[in-house]
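The values are calculated or read from the model by the stated rules, or taken from the named source; none is laboratory data. All of these numbers come straight from a predicted model, not from anything done at the bench. Backbone-built Cβ (ideal geometry, glycine too); neighbour counts: all protein chains shown. Each accessible area value is taken on the protein alone, full model and side chains, heavy atoms only, with ligands, DNA and RNA left out. Shrake-Rupley method; radii C 1.70, N 1.55, O 1.52, S 1.80 Å.
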Amino acid sequence: MGASDIVFSAILLLLSVLFFALTFSFPKLTIALSPVVFPRFVTACLFIFSSILMVQGIRKRMADRTKEEPEKRVRGRLDRPFTVRFLLLAADVLLYVWLLEPIGYVIATPLCIAGVMLIFGDRRWYRIAPVAVLSTVVLYAFFRGVFRVPLPRSFIW
Amino acid sequence: MDALIQVLAYVFSPVHFLFLVCGTAAGIVVGAIPGLSGSTGIVLILPFLPALGPTVGLLVMSGIFCGSMFGGSIASILIATPGTPSAAATVLDGYPMAQRGEAGRAIGIALIASTIGGIISSLCMIFISPQLATIALQFGPDEYFALMVFGLTVIASVTGTSLVKGLMSGFFGLLVGLIGLDEVSGYARYSFGFPILMSGLPLLPVLIGVFAISHVFSELENAGKALKRFDQKITGVLPTWRELKQLLPVILPSSVLGVILGIIPGTGGSIASFMAYNEAKRFSKDPDSFGKGNPVGIAAPEAANNGTTGGAMVPMLTLGIPGDVVTAVMLGALVLIGVRPGPLLFTQHPEIVNSLFVGFLMAQFIMLGLGLATVRIWPRVLLVPTQVLLPLILALCLIGTFSSGNSIFDLFVALAFGVIGFFVNKYGFSPAALILGVILGPLAERELGAALIIAHGDWAQLFRSPLALVFFGISLLSVAYSMLRLSRAKKPKSVLPSG
């Protein structure tokens, strides 16, 4: 997991530096606990631990290279089909979130559920269609009918 | 006495009792489905909590918590895949027993052991919690701050695959918790000019993302794989009195071990079940029969994992520090509906605490009743295809998130934390520490601010209280222990799975 450790530690290092730098724009108040103190402590600690993980990751990666154990380096990586499915699922949900208000719950939800079923490998339309429609109706009845949640309406409902 | 009668009348009122039964049944179902766990089940009911109220909400959550512990054993026994991380040890002897055609007997032993473990842990929670709360009532802001440092450090140290990753998860959670208005000065930190960020990131979408949506992403790795099937008939569930007498000497100490480990923050069912299994094997006259379908190998871990439930509730209720992942989610749920767990809960909302005590104990008997009456039904959930189940869970998560605040922004937050939660689980970081950081961050800063105001800005005051020093000391010890443990292990392995 050396490579992933390096990537994640780099992301969190950048995040900690950015959030630490932003504390300089906070007002300096002469109260017992100024609003800059806790954020600086948290970001400094995050920076330190991210640096440690980065060093560990680099050392692990170098050790793996010298041992020449390619199968070990591959472990923990995401394979290509999984990555594609992962991105498709994220895109499906993102699209749903984007379209929920413009096209309404009743249209957006069965499309989203059908999309997720397809991404999970279901290809049987006679299962996808009833599951997508029925679950939309049941969820609507539950949230709208029982809990009185105003779900986004579409032009048909 | 009047209070007890009131509580009994409340819990046993038909509607509340039905909620408890539904919670326990839902717990068995989510526990039985590999990939889901008690924390996922609790997260899925979070959107309904405001409508249910804190008392009923806690009853339902207790039912899910206890039910999921037994539910996890069903998949372990029938298809050798633990339904929950806590049921991993049950596979060792449960599956060989099922292979011998004794699946019903194995499930029966798991059910009885889980029930006894749960009853013992409920009683311990009922007797220990008020005593601990009385002590905790004397805490000042400095002790509270030290306690929160302790809780976060211990959980970060013992969860995840490495100490550094655990601590990073906790500090990332703290950073997320910093977004929004500072309670002391009223300044909006890290809001980047967006008014929606001034109140901070909403907790419910964060919880749903980290503990539910992330699981849907994780399950993509199994997409297209055939379901594991079982062909055993579930018969002869109820153990004989003679068998029960043989198992009791194992069930009772395992339950107590579970309670003790449950009380220690950051441990939880998976550690307890493996420790109980090892102890049962160590004290057995026939250790070679373990792993080959020995009933003791089922009874010990099942008693221990349900034993942790009541134990884990003790620090959560009395100190506001969760004992494991599920109670970390419960802590978030309570904060979400405006109830802050801690000693004041016992004085300000005794009705909530008392109902929880009675409901938690009752959940064990309901679990036993449901388990015996419908034992042939629960394994059927293993036959539900993931292509159907997971899209439904995702839809429930998204609509639930939307319903909590009628906000599209909440859905973006849930999706973002679903992706973050996936990477946190996948690469050995700690979701429990992350969530604890999000929840405890603002509380810890508030207590620190209050302590400094009382001490007129003197930081040394934080280290003058003996109790605070004890908490800081234990925090350092937990970090040192974790470093020692990891340096001894050549290949670090996860001690506490994320679920």
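Observations, loosely collected:
- Filter result (closer than 20 Å to B:Thr309 by Cα and open to solvent by 40 Å² or more (accessible area, probe 1.4 Å)) within segment B:347-360: B:Asn354
- Being buried (at least 24 other Cβ atoms within 10 Å of the Cβ), at pLDDT below 85, outside any loop (DSSP other than H, G, I, E, B) and not aliphatic (A, V, I, L, M) holds for only one residue in B:Gly151, B:Gly177, and it is B:Gly151.
- Qualifying residue in segment B:398-409 (condition: at pLDDT 85 or above, farther than 29 Å from B:Leu59 by Cβ, part of a helix (DSSP H, G or I) and open to solvent by 10 Å² or more (accessible area, probe 1.4 Å)): yes
Listed here are the residues, each with its yes/no results for (1) within 20 Å of the chain's Cα centre (by Cα); (2) under 27 Å from B:Val353 (Cβ atoms).
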| position | (1), (2) |
| --- | --- |
| B:Leu20 | yes, yes |
| B:Ala32 | yes, no |
| B:Pro54 | yes, yes |
| B:Phe70 | yes, yes |
| B:Ala98 | no, no |
| B:Glu102 | no, no |
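- Residue that is farthest from A:Leu87 (Cα to Cα), among those in segment B:203-234 that are of a type in the set (Val, Ile, Thr) and within 14 Å of another protein chain (Cβ to nearest Cβ): B:Ile208
- Members of segment A:77-95 found to be more than 7 Å from chain B (Cβ to nearest Cβ) and either of a type outside the set (Val, Ile, Thr) or crowded, with 18+ Cβ neighbours inside 10 Å (or both), listed by number: A:Arg77, A:Leu78, A:Asp79, A:Arg80, A:Pro81, A:Leu87, A:Leu88, A:Ala91, A:Asp92, A:Leu95
- Only residues that are closer than 27 Å to B:Ser284 by Cβ and assigned to a helix (DSSP H, G or I) were counted in segment B:220-262, giving 22.
- Only a single criterion out of (1) away from chain A (no Cβ under 11 Å); (2) not in a loop (DSSP other than H, G, I, E, B) is not satisfied by B:Val424, namely (1).
- Residues located in segment A:29-47, provided they are under 30 Å from A:Val7 (Cα atoms), of a type in the set (A, V, I, L, M) and at the interface with chain B (Cβ under 7 Å from one of its Cβ atoms): A:Val42, A:Leu46
- Hits in segment A:105-138 (condition: touching a residue at least 12 places away in the same chain (Cβ under 8 Å), farther than 25 Å from B:Gly224 by Cα and open to solvent by 20 Å² or more (accessible area, probe 1.4 Å)): A:Val106, A:Ile107
- For B:Ser478, the stated conditions do not hold, so it cannot be described as under 28 Å from B:Val325 (Cα atoms), open to solvent by less than 10 Å² (accessible area, probe 1.4 Å), in a helix (DSSP H, G or I) and out of contact with any strand residue (DSSP E or B) (no Cβ under 9 Å at 6 or more places or on another chain).
- Counting only residues that are closer than 18 Å to B:Thr40 by Cα, aromatic (Phe, Trp, Tyr) and within 10 Å of chain A (Cβ to nearest Cβ), segment B:372-421 holds 1 of them.
- Considering residues of segment B:182-202 that are open to solvent by 90 Å² or more (accessible area, probe 1.4 Å) and free of Cβ contacts under 8 Å to residues at least 40 places away in the same chain only, the residue nearest to the other protein chains (Cβ to nearest Cβ): B:Phe192
- Filter pass, B:Leu436 being modelled with pLDDT under 90 and more than 8 Å from every other protein chain (Cβ to nearest Cβ): yes
- Within segment B:64-83, considering residues that are open to solvent by 10 Å² or more (accessible area, probe 1.4 Å) and not in a helix (DSSP H, G or I), the one nearest to B:Ile271 (Cα to Cα): B:Pro82
- Options A:Leu89, A:Leu22, A:Leu95: the member that is in contact with a Phe, Trp or Tyr (Cβ under 7 Å, 6 or more places away or on another chain), at negative phi and modelled with pLDDT of 95 or more: A:Leu89
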